Amino acid sequence: MEAEVRALRRELESRSGDVEVVVLDDERVLQEVGIYRYHHPLENADAYKERLSELSTRIAEVVKTGGAIEMSNLFTFDNSLSKGRKMCRDLGRLMLRAYNAEADNSLRTLRAGNVVTAKKRLEASRNAIARLGSMMEMRISDIFHALRLEEVELTADYLMKKQEEREAAREERARLREEKRVAAELAAEREWLDKERDHLLNALAVLQARGETDPDLEKRLAVVDGAIEQNDFRAANVRAGYVYIISNRGSFGEGVVKIGLTRRLEPIDRVNELSGASVPFRFDVHGLFFSEDAVTLESDLHHHFAARRVNHANSRKEFFFATPSEVRHVLNSKLGSCQATPSLTSYGDTYLYEGVGAPKCP
């Protein structure tokens, strides 16, 4: 959008002189379309509350010292300078009340996305007071107006930071629920594997007592032992999991994919959850890859397609303007020699990397 604004400016400047060029504020343009930029970046919402409290004290101090509104001391009423000054003071208090009422109303109705509108209202109120009080040279002082504008900006920043913290807390709760669900799945899987192993050991013990062997049972026991080892590894290593590549053409159109991570034993269960009531169509799965360090692998893929994010304002959203084949190509380039392992199974346009016996790739 910033590049488009610059291109339009150059086009207007190159045209004939009868065209009036309006200089735009890039930050304001971005603000009006919902891309928020902090006016006073602070670490958290509590820091904004503390700054707002300090600002309220400064605003009250300016009002107490009489620096909030300026007016003439030479205005006379009924040929009396004292009456004129009293009239100016009374009208000044009324004008200041009107201005502060507009400022307080702007703060009450403020949302993170309409800070430009709130500042316009405050500026309009100040201009109206200056126009109505022109005979007495009455106007809201620059210092007081700047403080109230700063209050609007800080309040908007505070609301946006609170919104971000709520979203982060909601995502953290979802992450903890997911980890709890994964831990329960792994525990249930381990319990089943232990029972299966006990059955196989008992069957083999009976055969050995009779002096017999069963290669198929021994092979199954080796597979179960490998599954137990894999299960224990995943329970101990929170970075292990599946990186998935999915799309939803019915919801988002062509050329948009989601690159995510799940630690579920059955990664398709996570995809089915994403295909719930929040989207009108189910997601199509284009790739599932199990990695011992799926967190780093997912991060590398996100970094590679960072410039093609659908949502640049919230990096936690995992949608990108890319095709599944592009993501798979980058994935294969990062896996190196692992891409040729027999664990890769193709189902039409879907490539599934199985969990048990999957390539041990970083």
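Nothing in this text is a laboratory measurement; each read-out follows from the coordinates by a stated rule. Keep in mind it's a predicted model, so treat the numbers as computed, not measured. A quick note on method: Cβ atoms are made from the backbone with ideal geometry, for glycine too, and the neighbour counts reach across all protein chains shown.
Straight-line reach from Lys64: which lysines have a Cα under 30 Å away, not including same-chain ones fewer than 8 places off? Leaving aside lysines fewer than 8 places away in the same chain, those within reach of Lys64 are Lys49, Lys83, Lys86, Lys119, Lys120. Under a Gaussian network description of the chain, with springs only between Cα atoms under 10 Å, the residue in Ala209, Ala322, Ala183 that fluctuates furthest is Ala209. The alpha carbon centroids of the range 64-92 and the range 178-233 are separated by 93 Å.
Which shape class, rounded, prolate or oblate, goes with the range 192-247 when its Cα gyration tensor gives a ≥ b ≥ c as root eigenvalues, a/c under 1.5 marks rounded, and past that a/b bigger than b/c marks prolate? Write down the numbers at each step before the final one.
On the way: a/c = 4.16, a/b = 2.74, b/c = 1.52.
Judged from the Cα gyration tensor, the range 192-247 comes out prolate (a/c at least 1.5, a/b above b/c).
Take each peptide in 61-72, 144-155, count the other Cβ atoms within 10 Å of every residue, and average; sorted highest first, the result is 144-155, 61-72.
Rounded to the nearest 10 degrees, the angle from helix 294-304 to the longest Cα principal axis of the chain is 50 degrees. Against the chain, whose longest principal axis is taken from its Cα atoms, helix 215-236 shows a tilt of about 20°. Take each peptide in 97-108, 190-201, count the other Cβ atoms within 10 Å of every residue, and average; sorted highest first, the result is 97-108, 190-201.
Lys and Arg at +1, Asp and Glu at -1: add these up for the other residues within a Cβ distance under 13 Å of Ala313 and post the number. Walk me through the intermediate numbers first.
On the way: positive: Arg37, Arg309, Arg316, Lys317; negative: Glu164, Glu167.
Neighbourhood net charge equals +2.
Straight-line cross-link partners of Lys219 among the lysines, defined as a Cα under 23 Å from its Cα and at least 8 positions apart when in the same chain: Lys195, Lys360. Helix 81-108 axis versus longest C-alpha principal axis of the chain: approximately 10°, rounded to the nearest ten.
The radius of gyration of the Cα set in the chain, together with its Dmax, comes out at 33.0, 128 angstrom.
Dividing the summed -39500 (n - 2.57) terms of all DSSP H runs of n ≥ 4 by the residue count of the chain sets its mean residue ellipticity at 222 nm at -20000 deg cm²/dmol.
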